[in-house]
Amino acid sequence: MANKTLGLEKNLYDYLHSVSLREPAILAQLRDETAQHPMSRMQIAPEQGQFMALLVQLMGPKKTLDIGVFTGYSSLVVALALPPEGKVVACDVSEEYTAIARRYWQQAGVADKIKLHIAPALETLDSFIAAGEAGTFDFAFIDADKSNYNNYYERTLQLLRPGGLMAIDNVLQSGRVADPQEQDKVTNTIRAFNQKLHGDPRITISMVPIADGLTLALKLG
Ligand code: CA
């Protein structure tokens, strides 16, 4: 997992940040704190967060999903970009990591916009489908255990409204997907997943080479 955009020389990456990154102080603080964490590579890149915030601003979503919260950067970046009535439904299994997330959501004044569900995300998503919430979400970010990516994708596709947008993280796996020598389980899972989405007539697709690769999938009506 890469938490900066792959394939850019450091000087070009720094330049890109210097002329485009407008990371709010609260997000920069969260990124600094997360950098001390042993799992800090799970943090999304700031230019990716800013890109997602722009997508959210374009859409003006009321209901969004964040599958895989970690220390809360993606939930927070989306919450800050939402219209006043917008909400984030956040899914994670870790009380420990999300305790950091909650602290920053409070500090940023958006805690009331984010509803955290501590449970396996598939259970949470299935409970929403069972409760009749299919077709009601506008935006979703998928960034959790890769073994369940296809399951998250299928559930999220049901939960999104037609014209709703899904962003799926780590689809380039630090470049391993393109190296035939790499035959580990996660890389092969992501390869199969990418292949499936490429041919899926239910969506419009764009794979964006930002950070570790972000697939955008727009649900067709
Ligand atoms: Ca990720």
Is the range 26-44 home to any residue that is open to solvent by less than 60 Å² (accessible area, probe 1.4 Å), more than 16 Å from the ligand (Cβ to nearest atom), within 25 Å of E133 (Cα to Cα) and touching a helix residue (DSSP H, G or I) at 6+ places or on another chain (Cβ under 7 Å)?
no
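To keep it simple, each residue is scored yes or no on (1) open to solvent by 40 Å² or more (accessible area, probe 1.4 Å); (2) under 20 Å from S40 (Cα atoms).
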{"position": "N148", "(1), (2)": "no, no"}
{"position": "R155", "(1), (2)": "yes, no"}
{"position": "L160", "(1), (2)": "no, no"}
{"position": "G164", "(1), (2)": "no, no"}
{"position": "N170", "(1), (2)": "no, yes"}
{"position": "G175", "(1), (2)": "no, yes"}
{"position": "V186", "(1), (2)": "yes, yes"}
{"position": "V208", "(1), (2)": "no, no"}
{"position": "T215", "(1), (2)": "no, no"}
Spot the failing condition for F51; the list is (1) within 16 Å of the ligand (Cβ to nearest atom); (2) open to solvent by 20 Å² or more (accessible area, probe 1.4 Å); (3) modelled with pLDDT under 95, and only one is missed.
(3)
On the given criteria, is S20 touching a residue at least 12 places away in the same chain (Cβ under 8 Å), surrounded by 14 or more Cβ atoms within 10 Å (Cβ to Cβ) and either more than 22 Å from A217 (Cβ to Cβ) or within 16 Å of the ligand (Cβ to nearest atom) (or both)?
no
Would you be able to say whether some residue in the range 5-15 is of a type in the set (A, V, I, L, M), at pLDDT below 95, within 16 Å of the ligand (Cβ to nearest atom) and more than 30 Å from P162 (Cβ to Cβ)?
yes
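So that you can scan it fast, the table gives a plain yes or no per residue for (1) out of contact with any helix residue (DSSP H, G or I) (no Cβ under 7 Å at 6 or more places or on another chain); (2) closer than 14 Å to K63 by Cβ; (3) of a type in the set (D, E, K, R):
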| site | (1), (2), (3) |
| --- | --- |
| R161 | yes, yes, yes |
| L165 | no, yes, no |
| D184 | yes, no, yes |
| R191 | no, no, yes |
| H198 | yes, no, no |
| P201 | yes, no, no |
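The values are calculated or read from the model by the stated rules, or taken from the named source; none is laboratory data. Computed from a prediction, not measured in an experiment: that's the story for all the values here. Ideal geometry is used to build each Cβ from the backbone, glycine not excepted, and the neighbour counts take in all protein chains shown. Protein only, heavy atoms only, side chains kept; ligands, DNA and RNA dropped before computing areas. Shrake-Rupley method; radii C 1.70, N 1.55, O 1.52, S 1.80 Å.
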